[in-house]
Amino acid sequence: MPAIASVEAFIVVVPRDVPYLGPLRAGETINTRGYFIRRGNRSAYPATDTSVLVKVTTACGCVGWGESYAIVAPGAVAEIVTDLLGPLCIGRDARDPIPLHEDLYDTMRVRGFVSGYFVDALAGLDIAVWDAAARLAGLPLCRLLGGQRHASLPAYVSGLPRETLAARVDLARDWQAKGFDAVKFAAAVAEEGEEAEMAALRRALGPGMRIACDMHWKHTALAATRLIDRMHAHDLWFAEAPVAPEDIEGQREVAAKARTSVALGEEWRTAFEYRPRLIGRCMDIIQPEMAHTGVTEFMKIGRMAEAFHCRVIPHASIGIGIFQAASLQASVALQNCDGHEYQHSIFDRNLRFVTGDMACADGAYRLPSGPGLGVAPSEEVWRYARQHHPA
Ligand code: MG
């Protein structure tokens, strides 16, 4: 039996010149830990690209890699992996990722750790075990998940990290010229307002381009509904995260009243968090984030959404490319998946950190070939990574 012999965690911190979502605005400063608050959505962001890698090695020498969401306080995620979850995996069969995930999730539910950093740590570990399981089977992960439903995945360009609306419009035009037919802009940095940004983009890009708005949880249900209506006049593709993530009733109200598709879910980690929103018809599109869910929950969420006739367009967060590959492998296995977010300012610069032929060009992702995830950390990443040992 290919028993798990070791589990290791590595914190990766890659400096970047321009923060994710674009330059700092007036009044925004980076603190001593490298974080700053975007005033537009009151959220903490890192000035670096930060994540946690998880390495699982079996007694027979098979290695699987995973990556967790850990863009702030990555030490918390790494500590949960090395102190708690990793040691519980030793001796377990790497070909049993789902039973292992179930058992690890169960260890903390009586304490209420059913989301947050605990599940993020579990997600990275889960991806690593699935990678090892698929490599042991000699199959690409998508085949182990039931088969490759989609040959490629349409990619939408997410975020236009420029300082002014005119520069963001120019950047969207550049992407259109490169063969991308869908783009999403971010309310947190749309100083002139979402409606003005939407109108300017539509004018510049023409009727064939799909344009979505990430509303960044900023509004009340009533204000969101009115704003979506005004953007609908410019043929809005979907409205993402219109109200506070805790406001299930508000989510339901917006989805019921809006004439545009509502997309939700990047901040939820388990099927239990999606379930009441699916029952409540709070959205038309779900956006699971692989670095929060891991493969096991991602597939459970995706299949559950299918039963509610809900579409899947996964989220893409900050990482070096390991969870991105896992997300592509899982996405191509889901019938109800219509495409995938493309964070060009992260994906393109970090592609040097993974081996393999994963790519995004001409409006679509290319699934990395080969067994497992099809990617592994490259030599280059070790310039920015350090192993985390239990405190
Ligand atoms: Mg978003």
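The values are calculated or read from the model by the stated rules, or taken from the named source; none is laboratory data. Source: prediction; values computed, not measured. Cβ: placed from backbone, ideal geometry, glycine included. Neighbour counts: every protein chain shown. In case anyone asks, the SASA skips ligands and DNA or RNA and just uses the protein heavy atoms, side chains included. Shrake-Rupley method; radii C 1.70, N 1.55, O 1.52, S 1.80 Å.
Against the test of being closer than 27 Å to Asp174 by Cβ, in the same structural domain as Gly159 (by TED's automatic domain parsing), part of a helix (DSSP H, G or I) and not acidic (Asp, Glu), the options Ala199, Ala212 yield a single qualifying residue, Ala199. Here the helices (runs of 4 or more DSSP H) wholly within the range 83-154 that include at least 1 residues being farther than 30 Å from Gly363 by Cβ are 86-89, 97-106, 116-137. Could we say that Met304 is in the same structural domain as Gly159 (by TED's automatic domain parsing) and open to solvent by 20 Å² or more (accessible area, probe 1.4 Å) here? Here the answer is yes, as Met304 does meet what is asked. For the range 284-334, a residue qualifies if it is more than 16 Å from the ligand (Cβ to nearest atom) and of a type in the set (Ser, Thr, Tyr), and the qualifying residues are Thr296, Ser331.
Would you check which residues across the range 186-200 are more than 24 Å from His315 (Cα to Cα) and modelled with pLDDT under 95 and list them? Result: Glu192, single match.
Given the condition under 21 Å from the mean Cα position of the chain (by Cα), away from the ligand (no atom under 16 Å from the Cβ) and of a type in the set (Ser, Thr, Tyr), answer yes or no: does some residue in the range 216-225 qualify? Within the range 216-225, not a single residue is under 21 Å from the mean Cα position of the chain (by Cα), away from the ligand (no atom under 16 Å from the Cβ) and of a type in the set (Ser, Thr, Tyr). Filter the range 323-342 for residues that are buried (at least 24 other Cβ atoms within 10 Å of the Cβ) and over 19 Å from Ala134 (Cβ atoms) and give the result. Hits for the range 323-342 are His340, Glu341, Tyr342.
Within 16 Å of the ligand (Cβ to nearest atom) and crowded, with 20+ Cβ neighbours inside 10 Å: is that true of Ala255 in this structure? So Ala255 fails the test.
Within the range 173-188, the set of residues being within 21 Å of the chain's Cα centre (by Cα) and of a type in the set (A, V, I, L, M) comprises Ala182, Val183, Ala186, Ala187, Ala188. Among the residues of the range 271-282, is any assigned by TED's automatic domain parsing to the domain that holds His340, within 14 Å of the ligand (Cβ to nearest atom) and either among the aliphatic types (A, V, I, L, M) or more than 19 Å from Gly159 (Cβ to Cβ) (or both)? No, that holds for no residue.
Per the conditions (1) open to solvent by 10 Å² or more (accessible area, probe 1.4 Å); (2) of a type outside the set (Phe, Trp, Tyr); (3) more than 15 Å from the ligand (Cβ to nearest atom); (4) free of Cβ contacts under 8 Å to residues at least 40 places away in the same chain, the sole criterion not satisfied by Arg210 is (4).
Residue by residue, here is whether (1) open to solvent by 20 Å² or more (accessible area, probe 1.4 Å); (2) under 23 Å from Ser158 (Cβ atoms); (3) at pLDDT 95 or above holds:
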residue	(1), (2), (3)
Met1	yes, no, no
Ile11	no, no, yes
Thr58	no, no, yes
Ala78	no, no, yes
Arg95	yes, no, yes
Leu100	no, no, yes
Tyr117	yes, no, yes
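Being among the small types (Gly, Ala, Ser) and at pLDDT below 95: is that true of Gly147 here? Here the answer is no, as Gly147 does not meet what is asked. Do we have any residue at all in the range 236-246 that's free of Cβ contacts under 8 Å to residues at least 60 places away in the same chain, more than 14 Å from the ligand (Cβ to nearest atom), crowded, with 22+ Cβ neighbours inside 10 Å and under 29 Å from Gly302 (Cβ atoms)? Scanning the range 236-246, I find at least one residue that is free of Cβ contacts under 8 Å to residues at least 60 places away in the same chain, more than 14 Å from the ligand (Cβ to nearest atom), crowded, with 22+ Cβ neighbours inside 10 Å and under 29 Å from Gly302 (Cβ atoms), so the answer is yes. Taken across the range 125-138, residues that are more than 16 Å from the ligand (Cβ to nearest atom) and on the phi > 0 side of the Ramachandran plot do occur, with at least one present.
Kindly provide the set of residues from the range 141-165 that are within 16 Å of the ligand (Cβ to nearest atom), of a type in the set (A, V, I, L, M) and out of contact with any His (no Cβ under 8 Å at 6 or more places or on another chain), ordered by number.
Passing the criteria: only Leu160.
Quick grid of which residues meet (1) among the charged types (D, E, K, R); (2) touching a Gly at 6+ places or on another chain (Cβ under 6 Å):
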{"site": "Gly124", "(1), (2)": "no, yes"}
{"site": "Asp131", "(1), (2)": "yes, yes"}
{"site": "Ala134", "(1), (2)": "no, yes"}
{"site": "Leu139", "(1), (2)": "no, no"}
{"site": "Ala167", "(1), (2)": "no, no"}
{"site": "Lys184", "(1), (2)": "yes, no"}
{"site": "Ala199", "(1), (2)": "no, no"}
